[in-house]
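Each remark here refers to the structure printed beneath this line.
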Amino acid sequence: MSGIKDIPLIQRAKRNKDRRAIIASEGVFNYQDVLNASAKIASSLVEGVVDLKETCVGFLIPPGFHYVAVQWGIWRAGGIAVPLSIFHPRPELEYVIQDSDAAILVAQPDFEEKLRPIAEKQGRRLLLTTALLDAEPRSLPEIDVNGRAMILYTSGTSGKSKGVVTTHRNIEVQVKSLVSAWEWTQNDHVLNVLPLNHIHGIINVLTCALWAGATCEILPKFDAEVVWSRILEGNLTLFMAVPTIYVKLIAAWKRASSERQKAMSDACSKLRLMVSGSAALPVNVIEEWKTISGHVLLERYGMTEIGMALSNPLHEKRVPGYVGNPLPDIEVRLVDEQGKTAMPGTPGEIQVRGPGVFLEYWRKPDVTKNAFCEHWFSTGDIAVVENGIYHILGRSSVDIIKTGGYKVSALEIEEVLLTHPDIQECAVVGVEDPEWGERVSAALVLKERRNLSLVSLRDWVKERLATYKIPTQILLLEGLPRNVMGKVFKPDIAKLFREKKGTEYP
């Protein structure tokens, strides 16, 4: 055990205690405020025990100060933080809580009604932030930096989400790599509009800012007009988002008057860095954004299991459509279908190795074992190195859809659709889209004498799946295209959507 009184993130916060840390709907808070609140929360969590000893704690907290206080409180108590999405319907929350076996659930009072029925059904202890913050600080346990710190749930080819386990050391390496590559300092001020149950918002924005002693300003949700208004106010130095957000910001800029457009562009040009990730960034979006803001968006490549692995340079030329080179402390290679190193200029699967790579898939030892090849993690993404820089070509599996910055399992969506009383067969694919990266699209074979519209299907699915997993277009077919082995051939389905062949296409 590598026990220390405080993890490095907390140690660094203590050195910056008088600096401004968080700006959110709850107010403005310095690092000492975060330390005090997280100490109270940790003290409540360890009441009656010395140490949570890697007990999973699920927390349903909107983005803001209390989110950070609870996350840090769980870590300082020796627990594993399991962030829950405020946008997920009950079935998805139930699944994550059940799969992680979160013995303790924490909620803001506004979300008590959402979690209490689940807590009672599954026999979990439910605590509210209001009660946790009333605790008197007490002595807290030593923390093993090699111990489990967080579980983020990400969809995989098996259909159901898998829990990706990272240690405190994994998180430290991931953050230090980005702080070094993107030159974070105490003087930075980043605006976060990303969800805080996803690695992009949690690590790349929030934790990097707090590690550097910088200020993280958190909006409760993304709104293009609100973001532009905040950029116009000034003082921001960084902004990170997914391609979909930049598309919406461009649309908002185009709606503005010419006088306001000039002011928006001038304000945007004063930021030192703007980053895009979590999905492929269309070249036309890069070009439009450069015209508007003066920024060539910095593209990078990463995933929940590895943090960030590749990045365009901070100062040198960035090539649109490419994701740069390996970040500090990360090794990257491409392998062919035989598992051998891909020849220069030849596509291969990205494999990653380094101390930032995740520990395991939660309670899935066989899946974890199969994901590694001699300590190299197999990402499932295909790339080619051209002129010395990496270019992502796509997924090795047609069952993973990247939409709006989320990685979605087609198999999980299909499993839900097949429970609909009118659906006989279905196949879900991702169809290329300039705004979303890929649109979740469902080909359906209905039962005899049944009918189904996109609107009614979406209304039905939203009670069972997160919003970003709901199909945005459907085709009604007499039968699904299959290969000689009887397996559904999804490339043909994607082609039907592109050609708009079917009985319903919005």
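Read-outs: derived from the displayed coordinates by stated rules, not from any lab. Keep in mind the model is a prediction, meaning the values are calculated, not measured. Note that each Cβ is placed from the backbone with ideal geometry, even for glycine, and that neighbours are counted across all protein chains shown.
A few comments on the model shown:
- Leading residue at positive end of dipole, the chain (Cβ point charges), from GLN186, ALA427, VAL357: GLN186
- Within region 342-358, backbone nitrogen closer than 14 Å to the virtual label 7 Å beyond the Cα of LEU393 toward Cβ: 342-351
- Efficiency of FRET between HIS315 and GLU448 - r from beta-carbon atoms, R0 56 angstrom, step 0.05: 0.30
- Seen through its C-alpha gyration tensor, with square-root eigenvalues sorted a ≥ b ≥ c, region 182-296 comes out prolate because a/c lies at 1.5 or above while a/b is bigger than b/c.
- The 3J(HN,Hα) values that the Karplus relation (6.51, -1.76, 1.60; θ = phi - 60°) gives for region 267-272 are, in residue order, 5, 5, 5, 7, 5, 8 Hz. Gly and Pro appear as x.
- For region 72-188: relative contact order, % (alpha-carbon pairs under 8 angstrom, 6 or more apart): 24
- Between the residues PRO282, ALA251, HIS200, the greatest Cα displacement towards the positive end of the dipole of region 182-296, with unit charges on the Cβ of Lys, Arg, Asp and Glu, is found for ALA251.
- Contact order for region 3-145, expressed relative to its length and based on alpha carbon pairs under 8 Å spaced 6+ residues apart, stands at 30 percent.
- A straight chain from ALA252 to ARG272 at 0.36 nm per residue would run longer than the Cα-Cα distance by 5.0 nm.
- Residue-span extension gain [GLU120 to LYS500] - 0.36 nm each, minus C-alpha spacing: 132.1 nm
- Computed helical MRE - 222 nm, the chain, DSSP H runs ≥ 4 contributing -39500 (n - 2.57), nearest 500: -9000 deg cm²/dmol
- Selection from SER25, ALA77, THR304, by position along the positive dipole direction of the chain (Cβ): SER25
- Overall form of region 400-499 per C-alpha gyration tensor (a/c, 1.5; a/b vs b/c): oblate
- Cα shape, the chain, gyration tensor, a/c 1.5 rule: rounded
- Distance between the pseudo-spin-label points of LYS262 and GLN186 (7 Å out from Cα toward the beta carbon): 3.9 nm.
- What you get for region 109-235, charging only the Cβ of Lys and Arg (+1) and of Asp and Glu (-1), is a dipole of about 720 debye around the Cα centre.
- The chain: relative contact order in percent, alpha carbon pairs under 8 Å with at least 6 residues between: 12
- In a reduced charge model with +1 at each Lys and Arg Cβ and -1 at each Asp and Glu Cβ, region 80-163 shows a dipole moment near 280 debye about its Cα centre.
- Put in line by how crowded their Cβ is, counting other Cβ atoms within 10 Å and starting with the fewest, THR166, THR129, THR55 read THR55, THR129, THR166.
- Charge tally in the Cβ shell below 12 Å around LYS254, where Lys, Arg are +1 and Asp, Glu are -1, LYS254 excluded: +2
- Candidate aspartates and glutamates - alpha carbon under 17 Å from LYS369, same-chain residues fewer than 8 apart omitted: GLU305, GLU360
- Entries of LYS5/LYS53; LYS221/LYS248; LYS114/LYS462; LYS162/LYS364; LYS121/LYS407; LYS402/LYS490 with Cα pairs more than 18 Å apart: LYS121/LYS407
- Given charges at beta-carbon only (K, R positive; D, E negative), |dipole| of the chain in Debye: 260
- Per-residue extension of 0.36 nm, minus the Cα-Cα distance of GLU233 and THR472, leaves a gain of 82.5 nm for this segment.
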